[in-house]
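Working notes, beginning with the structure itself.
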Amino acid sequence: MTAAEAISRLKTEKLTLAFQRKPVLKGIDLTVRAGEFLGLIGPNGAGKTTLLKCLNGIYPSQGKIWLQGVDLKNLTDKEVALRIGVMHQNAQVTFPFPAGEVVLMGRYPHLKRLQRESGQDYRIARESMAYTDTLQFAQRSISELSGGERQRVLFAKVLAQEPEVILLDEPTASLDIRHQEQIFQYARVLAAQGKTVIAAVHDLKIAARYCTRLVLLKDGEILADGVPEGVLTSENVSEAYGVRALVYRNAMTGLMDVYLPVPKQAAKRIRLHVIGGGGSGSDIMRSLVEHGYEVSAGVLSEEDSDFKCAQFFGIDCVSAPPFSGISEAALEYNVRKIRKAPLTILGNVYFGELNLRNLEAALQAARLILVEDDVPQKRDFTQGKALALYGRLRERARVTTSAELMTAVEEVLAQSSTVDGEKEGNAVAGGMRHV
């Protein structure tokens with residue numbers, strides 16, 4: 001790589017694009033260097049995906065795009081593919097090829113006409129699949145894979161292509177939280193190894209955590225460009241998204257965090273109850289709020305980060321003095337909220353004598369989800385009392401992890417709606433028979 005390439009591996013000058021005379025991109029000037037992980041952020045319709053397609057030569061834009069110092073318009077499709085790899089959002093593979101063959105297709109730009117893949121091509125494809133934890137799918141038809149599995153296979157295909165520039169269009173749209181984090185970790189490592197990674201990112205928290213640089217787009221223009229701390233300000237995000245945003249430093253993780261209120265029309269008007277403590281409930285409460293649920297919480301210590309989280313989001317809860325047990329009044333409050341909620345979620349809580357009553361209260365839940373990131377035996381400091389109660393809860397609860405929690409919540413609520421509907425129908429039918 002030359003010094004010039006290191007300065008500007010990809011560069012645009014006055015990049016402009018319009019559809020049916022409607023401007024979509026308006027004079028974008030952008031220079032991206034080797035080793036950068038650039039996140040394109042902004043509301044829907046800001047131009048993120050359109051910009052990526054221009055950078056890959058798909059859309060015939062006005063202005064200049066320089067790829068490693070060469071005008072993109074002077075390169076053939078194959079020459080572009082040797083330099084740029086693209087992973088589209090929810091890409092469809094219409095033929096039932098084995099996943100291993102799909103990844104091997106990433107080697108196409110390196111092959112001459114009618115040339116067959118070599119042993120090296122197969123090795124690179126296998127290494128790419130191993131890197132993305134998809135090697136076990138090599139013989140399975142890609143049409144049989146889940147959306148998340150398919151996305152990881154397509155990411156492996158991009159890696160097998162060995163491009164210097166990687167374009168990702170919201171690459172984690174179909175992935176659970178664990179694999180979302182994994183894809184962005186991969187991208188961060190690739191950038192650290194000298195690749196240039198440009199990703200359209202929907203989740204601002206993930207963008208802040210993994211991208212080395214952010215470009216905030218609004219209405220086809222660059223509103224802000226720079227390091228995440230400089231771009232993700234409350235003022236910038238509020239202006240771009242048209243809502244009152246809050247950007248702050250998460251007290252638990254030490255990382256930048258962004259809160260965008262859920263639009264009223266997206267609110268689900270279902271109140272779910274969370275039993276936490278010791279920081280185990282903060283992410284649960286936040287995720288529920290961001291998915292539009294109303295939330296109540298159990299008994300929380302005034303010095304607990306969970307209590308501070310509940311205060312921040314305006315969540316109804318009851319506080320207890322530090323290092324004190326749960327009083328009768330607090331227990332009654334907790335039970336009352338649990339009985340009113342269609343679903344209660346018990347976090348990955350560590351149990352001692354002071355919070356045993358939280359487990360007793362959870363026995364009153366109509367439906368219960370247990371979050372188990374650690375086995376309960378490691379979280380019991382009551383010589384088995386908590387485990388005995390927890391075992392009773394586990395017999396009738398849905399057990400999941402933090403990464404899979406929102407999926408579990410949606411499935412339990414959907415199932416409960418079906419069951420309740422059947423019960424109501426049976427009751428009506430029974431009444432008609434009685435008459």
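Nothing in this text is a laboratory measurement; each read-out follows from the coordinates by a stated rule. All values derive from a computational prediction rather than experimental measurement. A quick note on method: Cβ atoms are made from the backbone with ideal geometry, for glycine too, and the neighbour counts reach across all protein chains shown.
Using a Förster radius of 22 Å, what is the FRET efficiency between K64 and K112 based on their Cβ-Cβ separation? Nearest 0.05, please. Efficiency for this residue pair is about 0.15. Full extension of the chain segment joining Y248 with E162 gains 27.2 nm, where the gain is 0.36 nm per residue of separation less the Cα-Cα distance. For A240, neighbours were defined as the other residues whose beta-carbon sits under 13 Å from its Cβ, and their charges (Lys and Arg +1, Asp and Glu -1) total -2. Sorted ascending by nearby beta carbons within 10 Å, beginning with the fewest, L387, L246 become L246, L387. Hey, what angle do you get for helix 147-160 against the long axis of the chain, alpha-carbon based, 0 to 90 degrees rounded to 10? So the helix axis and the longest Cα principal axis differ by about 30 degrees. Could you tell me the center-to-center distance, by alpha carbons, between the stretch 159-213 and the stretch 310-363 in angstrom? Centre-to-centre distance over Cα atoms comes out at 38 Å. Treating r as the C-beta distance of K308 and D374 and R0 as 35 Å, the FRET efficiency rounds to 0.95.
Given R₀ = 35 Å, what would the calculated FRET efficiency be for D77 paired with S146, taking r from the Cβ atoms and rounding to 0.05? About 0.70, to the nearest 0.05. Between A388, G347, A329, the Cα set farthest toward the positive side of the dipole of the chain (charges on each charged residue's Cβ, about the Cα centre) is that of G347. The charge dipole of the chain, taken about its Cα centre with unit charges on the Cβ of Lys, Arg, Asp and Glu (plus for the first two, minus for the last two), comes to roughly 960 debye.
Taking the DSSP beta bridges with both ends in the stretch 3-258, the antiparallel portion is around 60 percent. Straightening the chain between E332 and R33 buys 101.7 nm, computed as 0.36 nm per residue apart minus the Cα-Cα spacing.
The charge dipole of the stretch 264-417, taken about its Cα centre with unit charges on the Cβ atoms of Lys, Arg (+1), Asp and Glu (-1) only, comes to about 580 debye. In terms of distances greater than 18 angstrom between alpha carbons, the cross-link table entries K73/K157; K157/K195; K11/K112; K268/K308; K157/K205 yield K73/K157; K11/K112; K268/K308; K157/K205. Near A18, once Lys and Arg are set to +1 and Asp and Glu to -1 for all other residues with Cβ below 13 Å from its Cβ, the sum equals +2. Taking chymotrypsin sites (Phe, Trp or Tyr not before Pro) in DSSP loop conformation with at most 14 other Cβ atoms inside 10 Å as exposed sites, the chain has its longest uninterrupted site-free stretch at 1-322.
Report summary: the helix-based calculation at 222 nm, which adds -39500 (n - 2.57) for every DSSP H run with n ≥ 4 and divides by the residues of the chain, gives -11000 deg cm²/dmol.
Just to be sure I understand: of the beta bridges DSSP finds with both ends in the chain, what percent are antiparallel, rounded to 5?
40 percent
With a cut-off of 14 Å on the backbone N, the residues of the stretch 53-92 near the modelled label site 7 Å out from K14 along Cα-Cβ are 62-65.
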